[in-house]
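Asks: Here it is, the structure in full.
The values are calculated or read from the model by the stated rules, or taken from the named source; none is laboratory data. As the structure is a computational prediction, the values presented were derived from the model and not from experiment. Heads up, the Cβs are rebuilt from the backbone with ideal geometry, glycines too, and the neighbour counts pull from every protein chain shown. These area figures cover heavy atoms from the full protein model, side chains too; ligands, DNA and RNA do not enter into them. Shrake-Rupley method; radii C 1.70, N 1.55, O 1.52, S 1.80 Å.
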Amino acid sequence: MRGKRFAVLATVIALVSGASTADAIVGGTPARVSDTPWVVAITTSDGQLMCGGALVAPDKVMTAAHCATIKGVLGKNQRPADQLRVVAGRTDLRVKTDGIEAAVADVWRHPDYREVTQGDDVAILTLARPLPYRTIALGEVGDDGVVLGWGRTAENTPPSLTLRKATVPILSDQECMLKEPDFRPGAMLCAGRGDRDACTGDSGGPLVVRGRLAGVVSFGRGCARANEPGVYTRLAHYRSMLGF
Ligand code: ARG
């Protein structure tokens with residue numbers, strides 16, 4: 001009885017304070033790669049989680065340009081393919097026997113990419129071999145989307161390392177411009193609701209609208225803060241140059 005009353009009280013406090021008991025990506029739930037086989041993790045060559053991505057062809061991974069960039073290096077800062085690895089079919093990144101790891105043979109990064117806040121944060125990794133997993137087609141934005149990733153479940157936690165997902169509302173370009181000064185209408189989209197967002201380690205990962213890949217996790221100010229929606233690369237804007 002006491003326990004139940006406490007649980008109700010805790011829920012009320014969580015709702016009022018805007019906090020969420022189910023953390024995630026931030027504010028999400030556990031997911032399994034078997035339900036979304038095209039979602040992949042991108043790691044360093046020694047297996048540390050860097051980013052997410054999505055298989056758009058058996059040997060092509062859509063991700064963010066900043067995931068293929070060496071941080072803090074100006075000029076020629078594209079990350080060499082041999083520093084990247086793609087992990088598919090592994091819900092829990094600690095279970096190294098699950099799924100498949102693929103080497104990256106080639107990196108294409110948007111030629112205009114400079115830093116996340118300026119946009120063009122999109123890259124395609126070509127894998128050394130095709131993977132036997134379902135791919136996802138590109139699509140347009142809608143009212144909401146599902147973001148997936150292995151990243152942090154709050155601003156200052158370690159990464160989840162098991163796949164999580166959250167449904168996030170997609171805001172209008174007008175709202176995004178008001179909330180995010182660097183927002184570039186048409187080439188970016190913004191989504192989130194104060195208690196649901198992507199976070200560090202989710203970058204490059206998919207935002208899925210009606211079963212299609214509409215966005216790539218790009219940047220945010222903190223994670224899941226009120227009035228700070230997550231910003232995504234709007235893939236429809238790049239469709240002709242991406243060739244998908
Ligand atoms: N840039 C971050 C990364 O490298 C993720 C940014 C997404 N943040 C957000 N609040 N939506 O993983």
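Asks: Most fluctuating residue of V107, V73, V116 in a GNM of the chain with Cα springs under 10 Å: which is it?
Replies: Maximum fluctuation in the GNM of the chain, among the listed residues, is at V73.
Asks: Can I ask one more? For G215, what charge total do you get from the other residues with a beta carbon under 15 Å from its beta carbon, if Lys and Arg give +1 and Asp and Glu give -1? Walk me through the numbers on the way to the answer.
Replies: Details: positive: K165, R184, R196, R210, R212, R234, R239; negative: D120, D121, E140, D143, D144, D173, E180, D197, D202.
Within the 15 Å Cβ shell, the charges total -2.
Asks: May I pose another question? May I have the count of lysine pairs in the chain with C-alpha atoms under 30 Å apart, counting pairs 8 or more residues apart or located on different chains?
Replies: Taking the Cα cut-off of 30 Å, the pair count is 10.
Asks: Roughly speaking, to the nearest percent, how much of the range 29-112's 1.4 Å accessible area is carbon and sulfur?
Replies: That share works out to 52 percent.
Asks: Along the charge dipole of the range 106-244, pointing to its positive end and built from +1/-1 on Cβ of Lys, Arg, Asp and Glu, which listed residue (P206, T126, G151) has its Cα farthest out?
Replies: T126
Asks: Of H237, L163, T117, whose Cα points farthest to the positive end of the dipole of the chain (charges on the beta-carbon: +1 Lys, Arg; -1 Asp, Glu; origin at the Cα centre)?
Replies: Farthest towards the positive end: L163.
Asks: Using 7 Å Cα-to-Cβ label points, what is the T126/E101 separation (nm, one decimal)?
Replies: 2.4 nm
Asks: Over all distinct alpha-carbon pairs, what is the Kirkwood Rh of the chain in angstrom?
Replies: So the Kirkwood estimate lands at 17.9 Å.
Asks: Counting only helical runs of four or more DSSP H residues, what would the 222 nm mean residue ellipticity of the chain come to if each run contributes -39,500 (n - 2.57) and the total is spread over all its residues?
Replies: Details: 3 runs with 27 residues, N = 244.
Mean residue ellipticity at 222 nm (helix-derived): -3000 deg cm²/dmol.
Asks: Please give the direction-averaged projected area of the C-alpha convex hull for the range 104-194, in square nanometres with one decimal.
Replies: Result: 8.0 nm².
Asks: State, as an integer percentage, the relative contact order of the chain based on alpha-carbon contacts under 8 Å between residues 6 or more apart.
Replies: Working: 642 pairs, mean separation 55.8, N = 244.
About 23 percent, as a whole number.
Asks: Something else about it: Leaving out ligands, DNA and RNA, and with a 1.4 Å probe, what % of the accessible surface on the range 126-185 is carbon or sulfur?
Replies: Answer for the range 126-185: carbon and sulfur cover 52 percent of the accessible area.
Asks: Multiply the residue gap between R210 and R94 by 0.36 nm, knock off their C-alpha separation, and tell me the result in nm, one decimal place.
Replies: Length gained between R210 and R94: 38.7 nm.
Asks: For labels at D173 and T29 in the simple 7 Å Cα→Cβ model, what's the distance in nm?
Replies: Spacing of the two 7 Å Cα→Cβ label points: 3.4 nm.
Asks: Under the 0.36 nm per residue contour assumption, what length would be gained going from the current alpha-carbon distance of R239 and K71 to full extension?
Replies: Gain in length upon complete extension: 57.8 nm.
Asks: Of D144, D112, D120, which has the largest mean-square fluctuation in a 10 Å C-alpha GNM of the chain?
Replies: It is D112.
Asks: So, one more: Comparing S160, S203, S218, which has the greatest mean-square fluctuation in the GNM of the chain with Cα pairs linked when under 10 Å apart?
Replies: It is S160.
Asks: Could you tally the net charge around I170, taking each other residue with its Cβ under 11 Å from the Cβ of I170, Lys/Arg +1 and Asp/Glu -1?
Replies: Around I170, the charge tally is -3.
Asks: Enter the accessible area per residue of the chain (Å², integer; probe 1.4 Å; all protein chains in place).
Replies: 47 Å²
Asks: Can you list which of the GluC sites (Glu not before Pro) found in the range 77-149 are DSSP loop residues with at most 14 other C-beta atoms within 10 Å? Provide the component values of the computation, followed by the final result.
Replies: Details: sites: E101, E115, E140; in loops: E115, E140.
Filter output for the range 77-149: E115, E140.
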